[in-house]
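Note sheet for the following structure.
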Amino acid sequence: MTRYAQIVGWGMYVPSKVLTNDDLAGMVDTSDNWIRERTGIVERRIAAPNETTATMAIRAAQAALQVANADPARLDLIIVATATPDYLFPATACLVQDALGATRAGAFDLSAGCTGFVYGLVVGSQMIISGAYNQVLVIGAETLSRIINWTDRNTCVLFGDGAGAVLLQASDVPGGVLSAVLGADGSGGDLLVLPAGGSRHPASVETVAQNMHYIHMNGPEVFRFATQVTARAARQALAEAGLHLEDISLFISHQANGRIIQSAAKSLKLPPEKVFVNLDRYGNTSSASVPIALCEAIEQGRVKRGDYLVMVGFGAGLTWAAVVVKWGVPLPVSRPLRRIVVWRWVRYRWATIRSYLRRLGWKILAALRGLFIGDSSSG
Ligand code: ACO
């Protein structure tokens with residue numbers, strides 16, 4: 001029997017702190033007018049000091065599981081696409097796995113810049129279509145505010161924080177993720193780079209002094225690259241699915257710059273009502289932008305069963321990716337019963353307690369082993 005990977009749950013989380021263009025004009029030499037005209041961005045969200053990529057990913061994941069009424073203990077795999085993980089290791093996906101109590105799930109991070117979520121959709125859906133797994137959670141989450149040079153007007157006006165998640169589930173109903181295009185051109189890696197903190201330039205007093213732990217970007221070149229690949233990747237994904245431009249119900253592109261989206265829409269001959277834009281309120285949230293846009297499109301009633309959605313990402317690497325999704329879930333979904341919400345709350349509290357006990361267990365075991373080894377060496 002043919003298997004399909006349907007999106008059955010979705011959720012998003014953005015921090016409550018809003019940073020407007022006028023706020024930025026008080027920090028660097030810029031203006032609301034310049035930012036609106038050149039990017040389409042009006043405001044963005046900034047994580048609170050106690051928020052991280054993992055905490056936002058967990059909130060988005062919980063929302064997605066709630067929509068699907070899915071049990072975290074039945075998840076097979078968690079993929080977190082991010083360029084701003086909590087740590088280089090362990091993977092942010094493992095922090096999410098622990099917090100959700102997804103005791104059966106494998107978990108890994110995926111690094112493909114702003115394209116990460118669409119790459120993750122492709123990997124997750126293929127895991128399902130191949131028969132390996134039944135339920136895969138794909139998350140895009142970023143805390144870009146922590147790697148922005150807030151004195152560099154070329155970059156600080158562009159980015160924001162947030163997270164979005166979808167739950168992919170095996171189904172025998174035709175639809176879901178129908179086709180995929182993945183691309184990379186590492187020769188353009190220097191155009192968008194976080195130079196230090198890896199094995200090439202480990203953190204040092206010099207790397208900090210030279211601002212090497214911040215985003216460095218050649219904006220105009222990245223812009224040119226993005227305008228070239230976005231429409232091309234969308235066309236390829238459509239052709240692979242046996243579909244045509246007229247079949248597109250909604251085009252959800254990575255939200256980096258309104259002019260990039262308009263240029264792709266023009267090339268694909270799409271009217272404004274078939275193009276989703278929310279970067280005015282969130283800026284570029286990198287790998288979180290496509291799932292956040294999908295959630296808001298659903299919320300606004302712009303997605304219905306049977307629709308063909310085209311999602312495209314592009315970004316650091318350089319990378320690009322596109323998928324065609326035939327939407328399979330009737331909308332709107334009904335609100336979950338109160339007792340289910342309460343039960344899920346209990347489950348997440350239990351996951352927190354379980355995690356605490358297991359961490360304590362590791363410490364006690366390590367101490368006991370230390371004692372034992374100490375005893376045997378002295379003996
Ligand atoms: N306010 C005022 N002026 C500015 C600002 C600002 N915030 N930023 C740049 N300028 C100035 C420049 O200094 C330059 O001045 P100059 O001519 O005196 O030197 C002038 O504006 C024009 O600069 P450009 O860089 O040519 O401006 P452009 O119209 O190309 O817009 C932008 C810049 C918005 C960055 C655009 O190039 C862009 O959106 N690029 C793509 C960025 C992107 O998508 N990056 C993310 C990819 S995804 C990922 O993986 C993270």
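Each value in this text was obtained by applying a stated rule to the coordinates, not by laboratory testing. If you're wondering where the values come from, they're calculated on a predicted model, not measured in any experiment. Every residue, glycine as well, gets a Cβ built from its backbone with ideal geometry; the counts of neighbours run over all protein chains shown.
Quick look at the numbers
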| read-out | value |
| --- | --- |
| Members of the stretch 204-218 that are of a type in the set (S, T, N, Q), more than 16 Å from the ligand (Cβ to nearest atom), assigned to a loop (DSSP other than H, G, I, E, B) and on the phi < 0 side of the Ramachandran plot | SER204, GLN210 |
| Residues (among the β-branched types (Val, Ile, Thr) and either within 16 Å of the ligand (Cβ to nearest atom) or under 17 Å from GLY9 (Cβ atoms) (or both)) located in the stretch 324-357 | VAL325, VAL329, VAL333, ILE340, VAL341 |
| Scope the stretch 272-281; condition surrounded by 15 or more Cβ atoms within 10 Å (Cβ to Cβ), part of a helix (DSSP H, G or I) and not charged (D, E, K, R); matching residues | LEU279 |
| Residues of the stretch 120-146 satisfying the condition of being surrounded by 24 or more Cβ atoms within 10 Å (Cβ to Cβ), within 16 Å of the ligand (Cβ to nearest atom), part of a helix (DSSP H, G or I) and over 10 Å from the mean Cα position of the chain (by Cα) | LEU144 |
| Matching residues, the stretch 219-271, being under 17 Å from VAL290 (Cα atoms), assigned to a loop (DSSP other than H, G, I, E, B) and without any contact (Cβ under 8 Å) to a residue 60 or more places away in the chain | GLN255 |
| Residue under evaluation ALA241, criteria (1) more than 14 Å from the ligand (Cβ to nearest atom); (2) surrounded by 15 or more Cβ atoms within 10 Å (Cβ to Cβ); (3) under 22 Å from the mean Cα position of the chain (by Cα), criterion not met | (3) |
| Meets criteria (of a type in the set (S, T, N, Q), under 23 Å from ILE353 (Cα atoms) and crowded, with 24+ Cβ neighbours inside 10 Å) for GLN97 | yes |
| Wholly within the stretch 1-116, helices (runs of 4 or more DSSP H) carrying at least 1 residues that are away from the ligand (no atom under 16 Å from the Cβ) | 53-68, 92-100 |
| Checking VAL290 against (1) on the phi > 0 side of the Ramachandran plot; (2) within 16 Å of the ligand (Cβ to nearest atom), the condition it does not meet | (1) |
| Criterion: without any contact (Cβ under 8 Å) to a residue 40 or more places away in the chain, crowded, with 21+ Cβ neighbours inside 10 Å and farther than 17 Å from VAL8 by Cα - qualifying residue of PRO85, PRO90 | PRO85 |
